[in-house]
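**Q** Have a look at the structure that comes next, please.
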């Protein structure tokens, strides 16, 4: 099975591969929309063909027993996310081929002031059933209006690409679907052929991705490269590479764009990049979970504690949007109880050790030597919670991404409306990064403080805002845009620049807003919430995550109404 050579690409091999891609760029630019749709439809089926081997390899590499429900994470954030992205992109291209937009007029609305909002999930009855009660919308940047919305979708297919060229995609080592989704964006949104260098952390995915993308590699449109920083540097510096996309940390971005050492620091300070080509980036940061005070029941407190524990511990905490800071209302009667339950949920979650190189050191650096914290076990280094970090402190948990099992709690005073304003200001101004922010609010409070809540969602300068939904769901919903909030500069890159996993091909998205039920089915029924979504399969506490996620992946690849009962049966037992 593993016949792919994943040893480091030599300079000669790299030059040869780039030459193939440069020649292939011209043929790729002439492929008609209808043919591109067919390419994607075949790609979805080939991903399904390698999915089980892919997930088994990922589970082994991350130290998971094949029987563990945590293997569901690998189905959700690997084949399922990728197949969903492929299917959504195919539907967009098919719409453009008909001269239509990839969404209906009914999906478009305007906020006060004229900001355009497009509903992107659900788009059909099946999606409504699979994630019942979930909703996602993409807010457009201010220059987009109803009158020019058509001219703000699918730039490549309106204007073409004057210089198709080659894009270097620097693969991420944590979430399996990231690199192939980035490849799709470069191909279908930017019109470039792709040299994808896989991270040494997960280059075991190479054989499966090369099989899935075989039709693209055979025609000189995609090449997979292997190796470490030296190969990456040669790739991004190559004269035939006209654009670069990187997923990683701000430090990785700075090393690529400005260089390393004193010379790199000097160039960054002067704002003079060493790399004279466009670079887009999806980087990490410090993601908050803002808790809005309300009359939560004990069941609510426990469920949302599991929710926060999932936001922290999914993929062993090695996520760019893992929640790192809980913002609690200081005057809320349930604040102490909720903090205790979160710590308990983190301690009780299945034990697993970090697999990502350097995560132990990053965790310990953020933790610091003198800070009071709770040691919760479950990993090496152990999971930790700092229960009361002053919001005006210079604590490193506000500025440095731990990329592991550390969580900090800070508290802000004030009534609900005042607290929300303060929480938004804190998240925007005190926390590093702009990728994702979470809001937890019960329905009664959301109705009673609708204006303040809407203002908070609008005011959060983050690329994805999740309301009772972990922002990671925004990554899974392919029609949503994914990336940092607009406005970063190379010298202050924050969580990056540009968007990916943007299957509707919006040219100027500002943020994605994802909303989900506050209570799972059937608990929500007692409070008048008529949705059917049980505990999501990505929860670290879900008892049927592996089966449910595998069935969802199979359905995404080969939809059939006969598969829905099995999905629902498994999901309801989670």
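The values are calculated or read from the model by the stated rules, or taken from the named source; none is laboratory data. All values derive from a computational prediction rather than experimental measurement. Don't worry about glycine lacking a Cβ; one is built from the backbone with ideal geometry, like all the others, and counts go over all protein chains shown.
**Q** Regarding segment 70-93, can at least one residue be identified that is out of contact with any helix residue (DSSP H, G or I) (no Cβ under 8 Å at 6 or more places or on another chain) and loosely packed, with under 13 Cβ neighbours inside 10 Å?
**A** No - not one qualifying residue is present in segment 70-93.
**Q** Give just the number: which of (1) under 30 Å from residue 471 (Cβ atoms); (2) in contact (Cβ under 8 Å) with a residue 12 or more places away in the chain does residue 251 not satisfy?
**A** (2)
**Q** Let me ask another. Could you tell me which residue of segment 441-500 is surrounded by the most Cβ atoms within 10 Å (Cβ to Cβ), considering only residues that are part of a helix (DSSP H, G or I) and either touching a helix residue (DSSP H, G or I) at 6+ places or on another chain (Cβ under 6 Å) or not assigned by TED's automatic domain parsing to the domain that holds residue 514 (or both)?
**A** Filtering segment 441-500 for residues that are part of a helix (DSSP H, G or I) and either touching a helix residue (DSSP H, G or I) at 6+ places or on another chain (Cβ under 6 Å) or not assigned by TED's automatic domain parsing to the domain that holds residue 514 (or both), the one surrounded by the most Cβ atoms within 10 Å (Cβ to Cβ) comes out as 456.
**Q** Okay, next question. Could you count how many residues in segment 407-422 are crowded, with 24+ Cβ neighbours inside 10 Å and either in contact with a helix residue (DSSP H, G or I) (Cβ under 7 Å, 6 or more places away or on another chain) or without any contact (Cβ under 8 Å) to a residue 12 or more places away in the chain (or both)?
**A** 3
**Q** Could you say which residue among 372, 353 is part of a loop (DSSP other than H, G, I, E, B) and surrounded by 14 or more Cβ atoms within 10 Å (Cβ to Cβ)?
**A** 353
**Q** Now for a separate question. Please go through segment 211-221 and pick out each residue that is within 18 Å of residue 19 (Cβ to Cβ) and in contact (Cβ under 8 Å) with a residue 40 or more places away in the chain.
**A** Selection gives 216, 219, 220, 221.
**Q** Would it be correct to say that residue 24 is farther than 22 Å from residue 176 by Cβ, out of contact with any strand residue (DSSP E or B) (no Cβ under 7 Å at 6 or more places or on another chain) and in contact (Cβ under 8 Å) with a residue 12 or more places away in the chain?
**A** No; evaluated as a whole, the condition is false for this residue.
**Q** Taking the options 543, 519, name whichever one is at pLDDT 95 or above, surrounded by fewer than 20 Cβ atoms within 10 Å (Cβ to Cβ) and part of a loop (DSSP other than H, G, I, E, B).
**A** Answer to the selection: 543.
**Q** Look through 44, 90, 59 and report the one residue that is in contact (Cβ under 8 Å) with a residue 24 or more places away in the chain, under 21 Å from the mean Cα position of the chain (by Cα) and over 15 Å from residue 554 (Cα atoms).
**A** None of the other options fit; the residue is 90.
**Q** Out of segment 94-138, which residues are over 20 Å from the mean Cα position of the chain (by Cα), part of a strand (DSSP E or B) and buried (at least 21 other Cβ atoms within 10 Å of the Cβ)?
**A** 116
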